[in-house]
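The values are calculated or read from the model by the stated rules, or taken from the named source; none is laboratory data. Computed from a predicted structure; not experimentally measured. So basically every Cβ, Gly included, is an ideal-geometry build from the backbone, and we count neighbours across all protein chains shown. These accessible areas exclude ligands, DNA and RNA; they are computed on the full protein's heavy atoms, side chains included. Shrake-Rupley method; radii C 1.70, N 1.55, O 1.52, S 1.80 Å.
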Amino acid sequence: MGRLVVVSNRLADPRKTASGGLAVALGQALEASGGLWFGWSGHVVQDGTPGEGELHLSQAGRVQLATVDLSREDHDSYYLGYSNGVLWPVFHYRLDLADFDAGFIGGYRRVNQLFARKLAGLLRPDDTIWVHDYHLIPLAAELRAMGCQQRMGFFLHIPLPPPLLLAAVPEHEWLMRSLFSYDLLGLQSEADVAHFSRYVGTETPADILGEHEFRAFGNTLQVQAFPIGIDVDEFTALGRGRDAQEMFDQMRSEYSRRRLLLGVERLDYSKGLPQRLKAFRQLLQHYPENVGSATLIQIASPSRESVDAYATLRQELESLSGAINGDFGQLDWMPVRYIHRTVMRKRLPGLYRAAAVALVTPLRDGMNLVAKEFIAAQDPDDPGVLVLSRFAGAAEQLREALLVNPYDTSRTAETIQRALHMPLEERQGRHQALLARIKERDVHWWRESYLQALARAPASGAPGS
Ligand code: ADQ
């Protein structure tokens, strides 16, 4: 078998636990094939020429790392502008937050062309190329235009919206046509696959060859759901480590008289944080026995701070949590502890384990790995309860969680109350079922099933073949 080549916007060091399960899982596959990982270096060259960037090569074990710098102009239009100002909001159903600045698309194309040019020079004929996420949708089309005939697959980590929402992106036809240059399109959920199928059925001249096979623009594309998982064994082992144990002990002693509710995510408008705080406020209002006891620890790590919508969200959260604390707080108890920081990965399992309830309530999410990490970190004899948004991709699998509609504040508050009072036996039963699900489809299953499907997909090769 040839090498695996992974392409993603950013790279992580696959040998560091801090990089997380996905980087480690991809790293293992790269290591096994002596592969190549390609992406942006993270460096922005202030006065760099658009469409150009220096290539850096290094080695991590058997894996070759190749990264490219971006000029300021390319970074702003490709990364901040088109990827995070257009595709991210629209794909998360937030047309109201999209900034359809006509100048962004040029940078998005230019960077994909730059990546294709630099990558093409490093490729071997028998490589298998696996491209990740919305930053790089047109990469295969650019590589094909340069004559690259390798097998190429794409995995979208975020949701694919319904056709009419997607159609709001001025370049939607071009984006979807670009996907047909891949041999396999992996999506997170069956809902996403259904959206793709409806899109091509109504907006393109595609032939639907089967449930998972589509033909258009001279190419055949396989489309399938591969719900991403976590490395359950690695996360469980992390939970047994000293850092996680210390975190757990610290939380348990500090909150011995309280019930802990926990939210952990990047500070992002897709994660439903204001709605969650409002539901928590209602919990305190409608079920006053929780006053003085239920404590919400909300950890939201800084993310994309130079995009306007994120700065606005940060202010909204600070004001909402301040208001709840002002209205309900007591001298010896504050209902909300809102922390704008990243928690060290090796401490996370201890935090999850100390929580009676996890609130994972995004308005829309491709999958949501926090939900799965929370399950993996629990003590099976005394597990916490997962309250999960039905709009997270994970809800298709995690049916034994308490599913909520995060827009429905009072029902969400009612469900949190139910979670806080769930009998031990029911908690154990639900946790056992959830744990089995995340073990069955962990990150290794995800990687292997994707790569097997890619190896089986009929290769489209050069355009028009
Ligand atoms: P994200 O939107 O980043 O990922 P998620 O799937 O929850 O969301 O993964 C976040 C990861 O970062 C988790 O491993 C979590 O532990 C960690 N993390 C988040 N906030 C943290 C904090 N404050 N401190 C420490 N660690 C934190 C995108 C898509 C998701 C999809 C993933 C993977 O938006 O829908 O599940 O990719 O495909």
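Points worth noting:
- Top-ranked residue in segment 306-330 [being more than 25 Å from the chain's Cα centre (by Cα) and not in a helix (DSSP H, G or I); ranked as nearest to the ligand (Cβ to nearest atom)]: GLY329
- The set of residues in segment 331-355 being of a type in the set (A, V, I, L, M), over 20 Å from GLU414 (Cβ atoms) and more than 13 Å from the ligand (Cβ to nearest atom) consists of LEU331, MET334, ALA354.
- Number of the exception - ASP379 against (1) over 22 Å from LYS278 (Cβ atoms); (2) open to solvent by less than 40 Å² (accessible area, probe 1.4 Å): (2)
- One residue alone among ALA98, ALA23, ALA12 is within 16 Å of the ligand (Cβ to nearest atom) and in contact with a helix residue (DSSP H, G or I) (Cβ under 8 Å, 6 or more places away or on another chain), and that residue is ALA12.
- Answer residue from segment 383-414, given it is polar (S, T, N, Q) and surrounded by fewer than 24 Cβ atoms within 10 Å (Cβ to Cβ) and is farthest from VAL360 (Cα to Cα) among those: SER410
- Segment 170-271 holds helices (runs of 4 or more DSSP H) entirely within its bounds, and those carrying 1 or more residues that are within 16 Å of the ligand (Cβ to nearest atom) map to 190-203, 232-240, 242-254.
- In this structure, GLN59 does satisfy being at pLDDT below 95 and either aromatic (Phe, Trp, Tyr) or at negative phi (or both).
- Qualifying residue in segment 153-161 (condition: open to solvent by 10 Å² or more (accessible area, probe 1.4 Å) and touching an Asp or Glu at 6+ places or on another chain (Cβ under 9 Å)): yes
- Members of segment 273-305 found to be in contact with a helix residue (DSSP H, G or I) (Cβ under 6 Å, 6 or more places away or on another chain) and outside any helix (DSSP H, G or I), listed by number: TYR287, VAL291, LEU296, ARG304
- Residue check for TYR338: within 22 Å of ASP243 (Cα to Cα), of a type in the set (Phe, Trp, Tyr), out of contact with any Lys or Arg (no Cβ under 6 Å at 6 or more places or on another chain) and part of a helix (DSSP H, G or I): no
- When the residues of segment 272-302 are filtered to those that are among the β-branched types (Val, Ile, Thr) and away from the ligand (no atom under 16 Å from the Cβ), the one that is least open to solvent (accessible area, probe 1.4 Å) is THR295.
- Of all residues in segment 71-86, those that are of a type in the set (Asp, Glu) have Cβ atoms under 6 Å from Cβ atoms of residues that are modelled with pLDDT of 95 or more and crowded, with 22+ Cβ neighbours inside 10 Å, 6 or more apart or on another chain, in ASP74/GLY107; ASP74/VAL111.
- Summed over segment 381-395, the residues that are within 20 Å of ARG353 (Cα to Cα) and more than 12 Å from the ligand (Cβ to nearest atom) give a count of 7.
- Residue match in segment 356-363 (condition: part of a helix (DSSP H, G or I), within 14 Å of the ligand (Cβ to nearest atom), surrounded by 21 or more Cβ atoms within 10 Å (Cβ to Cβ) and within 18 Å of the chain's Cα centre (by Cα)): no
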